Structure formats: structure tokens, C-alpha cells
Amino acid sequence: AVAGSTVELACGAQGDPAPRVQWHKERGDLPWGRHEVDLAHTLHLYAVMPADAGTYVCTAQSQLGTAAATAHLYV
């Protein structure tokens, strides 16, 4: 991603019952004040900077178990 741009990381978690979805960054925190997760579980990162580079993890959890997927961001 280009520094200063907006990045969207999708997480296609679905099921019945609907899973609880959470995003986190490995070895760090989500950018404070510069991120949001929408109703489709997509993580939006605003005004990305080199410090935001890294691995982001989407975790979906329900009564049936837990699944996770990762996305690697390079800035």
C-alpha cells in the first residue's frame, strides 16, 4: 500500500449461528483512531504509514469452533 492511502482487508466469515469476528495485528495494535470494522467484517485502515505494515489476523468464533485467516500488509 502507498503511505497515506486507505486499505481494506476483507474477512468472509459467515455461518449459522453467525460467528463473532475480531481483527488484531500480530506484534502490535491496530492503528489507534485510524481503523474501523464494518458490518461485513472488513477492516478499514486509514492514512496508513510504514508502522502499520505487518500481519493482520481475522478470527471468527462460534459454538462450532474457531477459524482464523491472515493478511500481510506492506507499506
**Report entry** the chain: proportion of alpha-carbon pairs further apart than 13 angstrom, %
**Finding:** 63
Query - Stretch gain in nm, segment MET49-GLU8, where the contour uses 0.36 nm per residue and the Cα spacing is subtracted - result: 13.3 nm
Requested in this report: Considering only protein heavy atoms, with the full assembly of protein chains and a 1.4 angstrom probe, order GLU8, GLU36 by accessible area, largest first.
Outcome: GLU8, GLU36
Report summary line: For region 7-73, averaging the sequence separation of alpha carbon pairs under 8 Å that lie six or more residues apart and dividing by its residue count, the contact order in percent is 38
Query raised in the report: Each residue of region 13-19 in turn: what ³J(HN,Hα) in whole Hz from Karplus with 6.51, -1.76, 1.60 and θ = phi - 60°, glycine and Pro shown as x?
Result: 8, 8, x, 9, x, 4, x
Query raised in the report: Can you tell me the accessible area per residue over region 7-73, all protein chains present, probe 1.4 angstrom, in square angstrom?
Result: 64
Requested in this report: Determine the sum of side-chain charges near PRO31: Lys and Arg each +1, Asp and Glu each -1, restricted to other residues whose C-beta is under 10 angstrom from that of PRO31.
Outcome: 0
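The values are calculated or read from the model by the stated rules, or taken from the named source; none is laboratory data. All values reported here derive from a predicted model rather than from experimental measurement. When we count neighbours, we look across all protein chains shown, and the Cβ atoms used for this are built from the backbone with ideal geometry, even at glycine. Quick note on the areas: whole protein, heavy atoms, side chains included, nothing else; ligands and nucleic acids left out. Shrake-Rupley method; radii C 1.70, N 1.55, O 1.52, S 1.80 Å.
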